Amino acid sequence: MSVPFIVLGFFAMLVMMLIGLPIAIAMAAVGVIGGISAYGVPFLDSIAPVVWGVQNDNLLTCIPLFILLGELLLRSGIADRMYGALSAWLGRLPGGLLHTNIGSCAMFAATSGSSVATAATVGTVALPSLQARGYSMRSSLGSLAAGGTLGILIPPSVNMIVYGSLTNNSIGKLFIAGIIPGLLLTGSFMLYIAIAALWSKESMREAEVPLAERIRLLRNLVPPAVVFGIVMGSLYFGIATATESAALGVLAALFFVWRSGRLDWSLLRNCFISSGRIAGMILLIMTAAFILNLTISLTGVAENMTKWVVGLGLSQTALLLTLIVFYLVLGMFMDVLSMQVATIPITYPIAMALGIDPIWYGIFIVLMCELGMITPPVGMNLFVVHGIRPDNGGIQDAIWGALPYAAIMLLFTLLLMAAPSIVTWLPLHM
Amino acid sequence: MSTASSNELPRVSEAASREPEKSGAVASKHKEGIESVLALLFGVIFLGLSVVVSVETLARKLFNFSIQGADELGGYALALGSTLAFSLAVMGRAHIRVDVFHERFPKRLKAALNLVAIVSLAGFAIFICWLAYRVLLDTFEYGSTAPTPWGTPLALPQSLWLVGLIAFALVATGYAVQAIRLFLNGSTDRLLVDFSPKSAKEELKEELEDLAVRHGGETS
Amino acid sequence: SAEDTLKIRVIGQPLATGLVQANKERPFFENFRTATGLAIEMDYKPIDTLGIKDTEELRVLKSGLFEMASLRFPQNSRDEPALLGFDLVGLSPDYATGRKVADAYLPIADARLQKQFRVKLLGVFPFGPQILFCNQPIKQLADVKGLKVRTYDQNLAKFIESVGGTPVPISFADTYQSLSLGVVDCAISGASSANSSGWPEVSTHQLPIGFQLAINGYVISLKTWEKLTPEQQAKLTEAVAGLTNDIWAYSETLFADAVKCNAGKDPCTTGKKFNLVDVPVSDADRALLKEAVAKISLPSWAEVCDKADPNCVASWKSSVGQILGIQ
Ligand code: NA
Ligand code: NA
């Protein structure tokens, strides 16, 4: 298969995506048309078992389950109450409610697999009060957009499931590997907020909430904490596989919804419709991705790229720096899920050939996705927080507000390169 | 979950979606019914699966007992559940489309692209149906049986899978036919309202409404 | 000339299957042309790089997209249960028996595959005996009574049940952790793969009795086969026979070495040394496993296989059954 042919295919896909055809269609069309023109009708016949193979894969079952789990906690108001409790605890820090934004995002991330859901949930709860109390819209939007991206670094994470299933890596290990980097990145965000607040001398702080009240509010943190404990605990102690831990989490969330007195058909209907839509969107892209993947691997383009890159004699560091630039640029224009499924079949073998740890590389990819969510012009989380803002400012506020966090993420990626054990230590000690 | 970069609200969409055409009102009633049924099935499948899988996990840990096959069931649940989810995503306009350039195009081009998008989605749905049909034919021919403790005849889950995919194809084709009719009638505006990529704004509007409901319901 | 070169696309074993794939299978296909002098270019792709599930191999072959495959028998028994006839639980306690079974059954499985899937079975090979690891003292096979045992397929699960154990289906990747946390007490797998995955770190005893030999095989589509001249066919058959013979011998060496490594004995050249207690295999153990063939493995297989092909078990009995005295 010739190189121009492959380049043509990739551009055709990009164009189809950018003129607004469904992402899944763009990927499947290039996969099917490319496959048939190169291998004829047999290609068509062999897609059929591949499609059944994807849609019958018990590993991917955890995608709808984790989405359902997040929806249950969100629509029952458990997430809203969590924000209230955290603001009582974190509001005194310099930077005030901005810390609550990050903290709430991190906590909600621990029960939700998606960044958009995290930013949207915490954003809808937080922005009205941030505005009422006179916080700068720019820093408010920035903290929410960036905090939201923690949703895919702190487990559970749809993007880690996708990575694991595309590369045959243990999803449990990926989840566990995300915990320490997730906490550290949360800490880095908060540190930045505190420093920026002290620096600008117009430090926002919230009035102190009496200790008794704060302690009373702690009970609102119980449901998300218990759900996270069940999901991660069962994974960490090897009691459950990723799908099993998701199932346990769903039942735990359902229990708390019932306890909150909101369990009725209208709530469940909303949860089911909403999780069905999101899961359908992701799973159709996954199906298309596997069709495209078959074409890509048959053409041998991944192997050739790997040989070529390995032939360059790059060091791991040089390769990773190149990949950071590559993903930074791609992430500006592409939706991160599509970016992930379209590039992993190519970049993963290269990274493995240079001896990079597969779990570490998974976290690296997730960080690149997080970055893509807050870089303009196409940054999902920017759009989300911009959409929720109660005033009429422009999108540039969200973009500028999130910029420092993008820089922090890049620095953080460099830190992980310098000290890879931040990622690999915990999964090794499972 | 589509992407939108502009801070302008698609005003047409806001206004028009509040005054559906009369035929649209009937259609939307049907739509709601179908959506409810699909959602109910989706929910029953995954809540049911959660119960079975949790029982298996706990029984294995606590009582040394394994019902063996929860993972197999999970695979079948996904096969059927994902087909329902595909349909729900079509109805909710959730199949992700990038609208960063799309929304800057002239009206007629936008409308034409909307048409192409839904027709290609329907085409893909029919294509997958056909693939599933081929898989099922082979399964019947070989009498395939899952190599698992249950030894499930594969024709069973695969038939359900095909039924789900046919539903997906029907739903997508229904929308495609509607879009074609609008296009032929020259109803560009409606084609823009009903078939444009769902912008982040629209999605958030739904979220905010839901939030209002949650807070309104909070009596304490 | 390049015009005459035939290109054959091959689905290989997953990259993660270990030394047999890496040291024997992959080099064989990648160096096929120079090694055999045949004008055939083998385009070898490990299945896990293709995104195709291993249960779908036969169907993908039938589509014609690939011409050859290193067929994974247990997974593909879903579409062709006759494949299990090579490796019923308890059938081949040692390599010699396994080889006899394989030779006797090959023509029968070949005929069936040709008829059903239009592929020809060129040869079969073992990954090696699947043996028992436990994280508590056992003296004999019967001691798994009351213990939770990781199994990988349904026949093995039935056998474990029959001796009073609780079979737990856990993926290979999750077994290490499950052993270390006591989710299972015992686990069954190949000696060498257990060694490279560090199972001996989380277990104390090994019982090197082979429940199964993990038999897999090489197939080629008839369409491609018929394109070859008789001379090419003979050379290809010979080359694959050379490969499988090589793997039979290599697997036996690997097994002996890995068992030694696991027990911390010498020589240990292919793995890491651990200090497992090597439980001697007794006659009672062998008898127990042998008994299982007629009592459990054969009847449960017969149920599935005869449904797909009424002659399935009859032809097995006339070949394999004949030489092992199982009727
Ligand atoms: Na998360
Ligand atoms: Na971006």
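The values are calculated or read from the model by the stated rules, or taken from the named source; none is laboratory data. Please read all numbers here as calculations on a predicted model, not as lab measurements. Glycine also receives a Cβ, built like all others from the backbone with ideal geometry; neighbour counts cover every protein chain displayed. For the accessible areas, the whole protein counts, side chains as well, though only heavy atoms, and no ligand, DNA or RNA atoms are used. Shrake-Rupley method; radii C 1.70, N 1.55, O 1.52, S 1.80 Å.
Some observations on this one:
- Just one of the listed residues (A:Gly151, A:Gly134) is assigned to a loop (DSSP other than H, G, I, E, B), away from chain C (no Cβ under 14 Å) and modelled with pLDDT under 90, namely A:Gly134.
- Elements of type strands (runs of 3 or more DSSP E) contained in the stretch C:87-179, each with 3 or more residues being within 12 Å of another protein chain (Cβ to nearest Cβ): C:148-151, C:166-169
- Residues that are of a type in the set (Lys, Arg) and touching a residue at least 12 places away in the same chain (Cβ under 8 Å) within the stretch B:176-192 comprise just one, B:Arg190.
- For the residues B:Leu80, B:Leu88, the requirement of being open to solvent by less than 10 Å² (accessible area, probe 1.4 Å), in contact with a Gly (Cβ under 8 Å, 6 or more places away or on another chain) and modelled with pLDDT of 85 or more singles out B:Leu88.
- The stretch A:49-79 - residue that is within 14 Å of chain C (Cβ to nearest Cβ) and open to solvent by 10 Å² or more (accessible area, probe 1.4 Å) and, of those, modelled with the lowest pLDDT: A:Leu59
- Count of residues meeting criterion [within 16 Å of ligand 1 (Cβ to nearest atom) and more than 7 Å from chain B (Cβ to nearest Cβ)] in the stretch A:379-393: 1
Here is a yes/no grid of residues against (1) open to solvent by less than 10 Å² (accessible area, probe 1.4 Å); (2) basic (Lys, Arg):
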{"residue": "A:Arg81", "(1), (2)": "no, yes"}
{"residue": "A:Leu86", "(1), (2)": "no, no"}
{"residue": "A:Thr121", "(1), (2)": "yes, no"}
{"residue": "A:Leu127", "(1), (2)": "yes, no"}
{"residue": "A:Ala132", "(1), (2)": "no, no"}
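- Residues of the stretch A:327-378 that turn out to be within 16 Å of ligand 1 (Cβ to nearest atom), of a type in the set (A, V, I, L, M, F, W, C) and more than 21 Å from A:Ser143 (Cβ to Cβ), as a count: 3
- Test for B:Thr145: is it more than 7 Å from chain A (Cβ to nearest Cβ) and closer than 23 Å to A:Thr287 by Cβ: no
- A:Ala353 meets the stated requirement of being away from chain B (no Cβ under 14 Å), more than 16 Å from ligand 2 (Cβ to nearest atom), touching a helix residue (DSSP H, G or I) at 6+ places or on another chain (Cβ under 8 Å) and of a type in the set (A, V, I, L, M, F, W, C).
- Taking the criterion of being touching a helix residue (DSSP H, G or I) at 6+ places or on another chain (Cβ under 7 Å), touching a residue at least 12 places away in the same chain (Cβ under 8 Å) and over 20 Å from C:Glu231 (Cβ atoms), the residues of the stretch C:29-52 that qualify are C:Tyr44, C:Lys45, C:Pro46, C:Ile47, C:Asp48, C:Thr49, C:Leu50, C:Ile52.
- If you go through the stretch A:220-238 and pick out every residue that is within 13 Å of another protein chain (Cβ to nearest Cβ) and either touching a residue at least 24 places away in the same chain (Cβ under 8 Å) or in a loop (DSSP other than H, G, I, E, B) (or both), you end up with 7.
- Within the stretch C:236-294, tally of residues that are within 20 Å of C:Val101 (Cα to Cα) and open to solvent by less than 20 Å² (accessible area, probe 1.4 Å): 9
- Residue that is surrounded by 21 or more Cβ atoms within 10 Å (Cβ to Cβ) and in a helix (DSSP H, G or I), where the choices are B:Phe168, B:Phe183: B:Phe168
- Residues in the stretch A:367-413 that are among the aliphatic types (A, V, I, L, M), farther than 18 Å from A:Ser157 by Cβ and assigned to a loop (DSSP other than H, G, I, E, B): A:Val378 only.
So that you can scan it fast, the table gives a plain yes or no per residue for (1) free of Cβ contacts under 8 Å to residues at least 24 places away in the same chain; (2) within 16 Å of ligand 2 (Cβ to nearest atom); (3) in contact with a His (Cβ under 9 Å, 6 or more places away or on another chain):
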| site | (1), (2), (3) |
| --- | --- |
| A:Trp258 | yes, no, no |
| A:Ser275 | no, no, no |
| A:Thr287 | no, no, no |
| A:Glu303 | no, no, no |
| A:Met332 | no, yes, no |
| A:Val336 | no, yes, no |
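- Qualifying positions in the stretch C:206-235 - open to solvent by 20 Å² or more (accessible area, probe 1.4 Å) and not in a loop (DSSP other than H, G, I, E, B): C:Lys223, C:Trp225, C:Glu226, C:Lys227, C:Pro230, C:Glu231, C:Gln232, C:Gln233, C:Ala234, C:Lys235
Rundown of residues vs (1) closer than 23 Å to C:Asp153 by Cβ; (2) without any contact (Cβ under 8 Å) to a residue 12 or more places away in the chain, yes/no style:
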position	(1), (2)
B:Gly43	no, yes
B:Val53	yes, no
B:Ala59	yes, yes
B:Ser66	yes, yes
B:Gly74	yes, no
B:Ala77	yes, no
B:Thr83	no, no
B:Ala89	no, yes
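- Within the set B:Trp161, B:Trp150, B:Trp130, the sole residue that is among the hydrophobic types (A, V, I, L, M, F, W, C) and within 25 Å of C:Cys305 (Cβ to Cβ) turns out to be B:Trp150.
- Which numbered condition C:Leu156 misses (of (1) open to solvent by 10 Å² or more (accessible area, probe 1.4 Å); (2) touching a residue at least 24 places away in the same chain (Cβ under 8 Å); (3) out of contact with any Ser or Thr (no Cβ under 6 Å at 6 or more places or on another chain)): (1)
- For the stretch A:276-291, a residue qualifies if it is basic (Lys, Arg) and open to solvent by less than 10 Å² (accessible area, probe 1.4 Å), but none of them does.
- Restricting attention to the stretch B:83-108, the residues that are under 21 Å from A:Leu283 (Cα atoms), facing chain A (nearest Cβ under 7 Å) and among the hydrophobic types (A, V, I, L, M, F, W, C) total 8.
- Long-range neighbours under 8 Å by Cβ, at least six apart or interchain, first residue within 14 Å of chain B (Cβ to nearest Cβ) within the stretch A:108-119, second in a loop (DSSP other than H, G, I, E, B) and within 16 Å of ligand 2 (Cβ to nearest atom): A:Val116/B:Met1
- Residues satisfying the stated conditions in the stretch C:118-142, i.e. of a type in the set (Phe, Trp, Tyr) and within 27 Å of C:Asp246 (Cα to Cα): C:Phe125, C:Phe127
- Among (1) within 15 Å of ligand 2 (Cβ to nearest atom); (2) within 14 Å of chain B (Cβ to nearest Cβ); (3) free of Cβ contacts under 8 Å to residues at least 12 places away in the same chain - the single one A:Ala407 does not satisfy: (2)
- Top-ranked residue in the stretch A:160-185 [being within 13 Å of ligand 1 (Cβ to nearest atom) and open to solvent by 10 Å² or more (accessible area, probe 1.4 Å); ranked as farthest from C:Ala173 (Cα to Cα)]: A:Leu183
- Pairs with Cβ under 9 Å, 6+ apart, first in the stretch A:165-179 and more than 11 Å from every other protein chain (Cβ to nearest Cβ) and closer than 23 Å to C:Ile47 by Cα, second more than 16 Å from ligand 2 (Cβ to nearest atom) and in a loop (DSSP other than H, G, I, E, B): A:Leu174/A:Pro155; A:Leu174/A:Ser157
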